[in-house]
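Below is one structure, written out as structure tokens, with a few remarks after it.
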Amino acid sequence: MEGVRLTSLVRSSGCNAKLPPGDLHRALDDLPQRRSEALIEGFESSDDALVYDLGDGRVLIETVDFFPPMVDDPEVFGEIAAANAISDIYAMGGEPKIAMSLMCFPSCLDISVMRRIMEGAIRKTEEAGVVIAGGHTLSDRDPKFGLAVTGFAAKDKVWSNKGALPGDVAVLTKRLGVGLLMTAHKAGETEAEEAISQMRLLNRRAKEAAEGLEVHAATDVTGFSLMGHSYEAASASGVTLRIAFDSLRFLPGAEDAARFGFVPEGRYTNEDYLSDKVHIPDSLPLHQRDMLFSPETSGGLLIFMPALDAKEYLERCPGAYAIGEVLEKRDKCVEVI
Amino acid sequence: MKTLDASGYSCPEPVIMTKKALKDSPDGLDVIVDNRASKENVTRYATALGYKVAVEEGSGNWTLRISR
């Protein structure tokens, strides 16, 4: 079936389809938790993946991520979903190795569309050195696709979103504004080539560029927005991250998308959860607040490292840029200036 | 004043509908929305075009009075 428009089949798309963070916390926070001695990062942590101690100096890292399409081309959707799922392994400093696919597929669609989604995913996983070794498929009204990914790291090299220290510099490896641009694109208001090629980009080089450098904490920026993921890392680390708005780099067109109201719904639920946790100056125009709280899909790594290491990292990793500095814990975990 | 009922639609649809409706009614119109994102986004759109927007809250919906 040529010409199928995947985005016309779904009500929300990409990481914008995440449930609101406040709802998640209400539903899950008080669940009983079984401890496992070998589990280094588990349910209670807001980290990007679980980390399991293999006992031989290595850890296993495991994550799962899937979402509805934000692009119409099935192969490109497969690539983006794979890059996005694998990113959580890179955000933990790991090397992704194996994966299983999760596919929800409408019976009204030609089965060749499923094949093309898988072809895109296989292309991207091969680029990452990952083998898809199986999966599970459901019939569903809205298409959705993603991967459960397993990776490995040396135990003393694994990253977490805890550990940022005062004096660290926070660097971000991709530009922001994907959610805004894809909303405007869905409305037929703008092209989205740059946003799409950025979503397809693996965070592999961003992770490998930190080889030999000191990384105190790391995460990736996805559906909970720059503000949400910054808050999670700063809060888990017990510090404050001060972000200079002017240092942020947005994809062309993202600011206009916000100004004209092409704002993803997740932006509002993100702010609901975060409004008392982050400080944003009243002088910041409304559309720039939108830019801070809008969900990203397959976003960049946010890495906290000592200033000298950050300088070296920025030289190694074109496209990465410093967004702010880490301070002793202040009133709010994130301050935008 | 012309009224556009965008209830039941989620973003970006209400903004697209408002854009089309304002072409036919350039002096303004009332837009009914039933979710917050639509209320915020239609307001942003009209404001960015230089319109004034007055929001009236109903039961389970909002009427956005867009005028010059």
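Is it fair to say residue A:251 is of a type in the set (A, V, I, L, M) and more than 17 Å from the chain's Cα centre (by Cα)?
Values: of a type in the set (A, V, I, L, M): yes; more than 17 Å from the chain's Cα centre (by Cα): no.
No: the conditions fail for residue A:251.
In segment A:1-48, what residues are in contact (Cβ under 8 Å) with a residue 60 or more places away in the chain, more than 14 Å from chain B (Cβ to nearest Cβ) and assigned to a loop (DSSP other than H, G, I, E, B)?
Correct list: A:1, A:4, A:5, A:18, A:45, A:46, A:47, A:48.
I want to confirm something. Restricting to segment B:1-13 and keeping residues that are surrounded by 20 or more Cβ atoms within 10 Å (Cβ to Cβ) and under 24 Å from residue A:271 (Cβ atoms), which single residue is farthest from the other protein chains (Cβ to nearest Cβ)? I'd like the intermediate steps shown before the answer.
Filtering segment B:1-13 for residues surrounded by 20 or more Cβ atoms within 10 Å (Cβ to Cβ) gives B:4, B:6, B:11-12.
Okay, now just the ones that are also under 24 Å from residue A:271 (Cβ atoms), so B:6, B:11-12.
Details: B:6: 12, B:11: 6, B:12: 4 Å.
Filtering first and then ranking leaves B:6.
Just to be sure I understand, how many residues within segment B:14-54 are within 14 Å of chain A (Cβ to nearest Cβ), assigned to a strand (DSSP E or B) and more than 14 Å from residue B:2 (Cβ to Cβ)?
The total comes to 2.
Considering only segment A:181-209, how many residues are touching a residue at least 24 places away in the same chain (Cβ under 8 Å), away from every other protein chain (no Cβ under 14 Å) and assigned to a helix (DSSP H, G or I)?
Residues meeting the conditions: 10.
State all residues of segment A:88-109 that are in contact with a Pro (Cβ under 9 Å, 6 or more places away or on another chain) and in a strand (DSSP E or B); if no residue qualifies, say none.
Those that are in contact with a Pro (Cβ under 9 Å, 6 or more places away or on another chain) and in a strand (DSSP E or B): A:103, A:104, A:105.
Between A:284, A:308, which is aliphatic (A, V, I, L, M) and over 25 Å from residue B:11 (Cβ atoms)? Talk me through it step by step, then tell me what you get.
Numbers: A:284 fails: over 25 Å from residue B:11 (Cβ atoms).
Matching residue, one of A:284, A:308: A:308.
Here, each number is a calculation from the coordinates, and none is a lab measurement. Because the structure is predicted, anything quoted here is derived from the model rather than measured. Backbone-built Cβ (ideal geometry, glycine too); neighbour counts: all protein chains shown.
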